[in-house]
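Input: a single structure, listed below in structure tokens.
The values are calculated or read from the model by the stated rules, or taken from the named source; none is laboratory data. Fair warning: this is a prediction, and the values are worked out from it, not measured in the lab. Neighbour counts run over all protein chains shown; Cβ positions are idealised from the backbone, glycine included. Protein only, heavy atoms only, side chains kept; ligands, DNA and RNA dropped before computing areas. Shrake-Rupley method; radii C 1.70, N 1.55, O 1.52, S 1.80 Å.
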Amino acid sequence: MKTKFWGTRGSISAPSCKELSTIKYGGNTPCVEIIASDGTIVVIDMGTGMRVLGNELMGISPEGEKEKDTSFNTGKGEVSVLLSHFHWDHIQGMPFFKPLYVKGNKVDFYAGEGCEKNLKYQMKKPFFPVELNDTMSSKNYFEFKDGDIINIGCLKVEVRKLDHTDDVYGFRIEDGSKVVTYASDVEHDLNNKGNLMRLARDSDILIYDCQYTYMEYDPESHGQKGMGKRQWGHSIIQEGIKISAEAGVKKLVSFHHSPESGDVKIDDVIKFAEEYKKDFDSKLKIIAAHEGLEIDI
Ligand SMILES: [Zn+2]
Ligand SMILES: [Zn+2]
């Protein structure tokens, strides 16, 4: 099973600029592609990274030139989308996903309550000039709920509700004995921590919301004044490490980087995490997700 990262940024896209470099980790919002051992393609979340993924599936260069025939540009492509929730940073890439517009392609959307209604509403005028119904691919909409198991090709997907500012779901994706768990847009230590642990158990990879530093999350614990980002629905790498150690995770991938975290800050957090993990699980591998990252397990 291969995991490819097309967008790793949380909340809003963060193009690199003179004052803040985001070149290394990327500026696009969440989109992760899973390629199963039988070739099944599952896309998790439809942030702005989905546009770039769509171009690759269509054999289109970054400059927009068609380079080769693919199953998706000849109308034979099939893809399933798992949507964690409907926040903008997780859906804005959908209208720019070119395989949607090709007759013969099949796109299955899986999301929580309101799947079909909310995705169609996003592309209604005046928000977007083309309505979802008017795109040429064939589409199916499936609603899931906490505890559901979904079979897609050879993949088994367990769906669990997590804690965020609105309803959000995490996914445990199994390909035989290999496991990738996706838990983005989650705040630790709230109501559904048990669900997070259930999803993460013995995962080869845990993709985890590490949007903030501990200082940003809770300045008072560092003797500073300010509200911090408590109850904003996101987490920190220290919690990712604790959860990984408790759940027996092999590799922790920090994800959903704040738009205000430049490359230097993310590098520093990973350096800090290498020290911090020693008190919990010194064998745990920790990396920060970046656009273009591919992990084969
Ligand atoms: Zn988000
Ligand atoms: Zn969110």
Just one of S84, S13 is in contact (Cβ under 8 Å) with a residue 40 or more places away in the chain, part of a loop (DSSP other than H, G, I, E, B) and open to solvent by 10 Å² or more (accessible area, probe 1.4 Å); which is it?
S13
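One line per residue, one yes/no per condition, for (1) touching a Phe, Trp or Tyr at 6+ places or on another chain (Cβ under 9 Å); (2) away from ligand 1 (no atom under 16 Å from the Cβ); (3) without any contact (Cβ under 8 Å) to a residue 12 or more places away in the chain; (4) assigned to a helix (DSSP H, G or I):
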site	(1), (2), (3), (4)
E220	no, yes, yes, yes
Q224	no, yes, yes, no
R230	yes, yes, no, no
H234	yes, no, no, no
A245	yes, yes, no, yes
V253	yes, no, no, no
P259	no, no, no, no
Y276	no, yes, no, yes
D281	no, yes, no, no
Region 64-77 residues that are within 25 Å of D108 (Cβ to Cβ), paired with ones that are exposed (fewer than 12 other Cβ atoms within 10 Å of the Cβ) and among the charged types (D, E, K, R) (beta carbon under 7 Å, 6 or more apart):
G75/K103
Name the residues in region 1-10 that are closer than 29 Å to T165 by Cα and either open to solvent by 10 Å² or more (accessible area, probe 1.4 Å) or among the aliphatic types (A, V, I, L, M) (or both), would you?
K4, W6
Residue selected from region 200-212 under the condition in contact with a helix residue (DSSP H, G or I) (Cβ under 6 Å, 6 or more places away or on another chain) and either open to solvent by 50 Å² or more (accessible area, probe 1.4 Å) or in a loop (DSSP other than H, G, I, E, B) (or both), by the criterion nearest to ligand 1 (Cβ to nearest atom)
C210
Take region 271-293 and flag every residue that is farther than 27 Å from R198 by Cβ and within 20 Å of the chain's Cα centre (by Cα).
H290, E291, G292
Within region 74-89, can one find any residue that is away from ligand 2 (no atom under 16 Å from the Cβ), touching a strand residue (DSSP E or B) at 6+ places or on another chain (Cβ under 8 Å), β-branched (V, I, T) and modelled with pLDDT of 95 or more?
yes
Residues of region 35-46 being of a type in the set (D, E) and either outside any loop (DSSP other than H, G, I, E, B) or open to solvent by 10 Å² or more (accessible area, probe 1.4 Å) (or both), in sequence order, are D38
Scanning region 153-185 for residues that are of a type in the set (D, E) and within 16 Å of ligand 1 (Cβ to nearest atom), which turns out surrounded by the most Cβ atoms within 10 Å (Cβ to Cβ)?
D185
Filter result for the condition that a residue is buried (at least 21 other Cβ atoms within 10 Å of the Cβ), more than 16 Å from ligand 1 (Cβ to nearest atom) and in a strand (DSSP E or B), over V32, V79:
V79
Of the residues G54, G49, only one is in contact with a helix residue (DSSP H, G or I) (Cβ under 7 Å, 6 or more places away or on another chain) and open to solvent by less than 10 Å² (accessible area, probe 1.4 Å); which?
G54
What tally of residues in region 131-152 results from selecting those that are touching a residue at least 40 places away in the same chain (Cβ under 8 Å) and open to solvent by 60 Å² or more (accessible area, probe 1.4 Å)?
1
So the check is Cβ under 6 Å with 6+ separation or different chains; which pairs have a first residue in region 169-194 that's in contact (Cβ under 8 Å) with a residue 40 or more places away in the chain and farther than 14 Å from G233 by Cα and a second one that's polar (S, T, N, Q) and more than 15 Å from ligand 1 (Cβ to nearest atom)?
D175/S37; V180/T3; T181/S203
E113 - would you say it is more than 28 Å from A14 (Cβ to Cβ) and within 16 Å of ligand 2 (Cβ to nearest atom)?
yes
Filter region 283-297 for residues that are part of a loop (DSSP other than H, G, I, E, B) and buried (at least 17 other Cβ atoms within 10 Å of the Cβ) and give the result.
L284, A289, H290, E291, L293
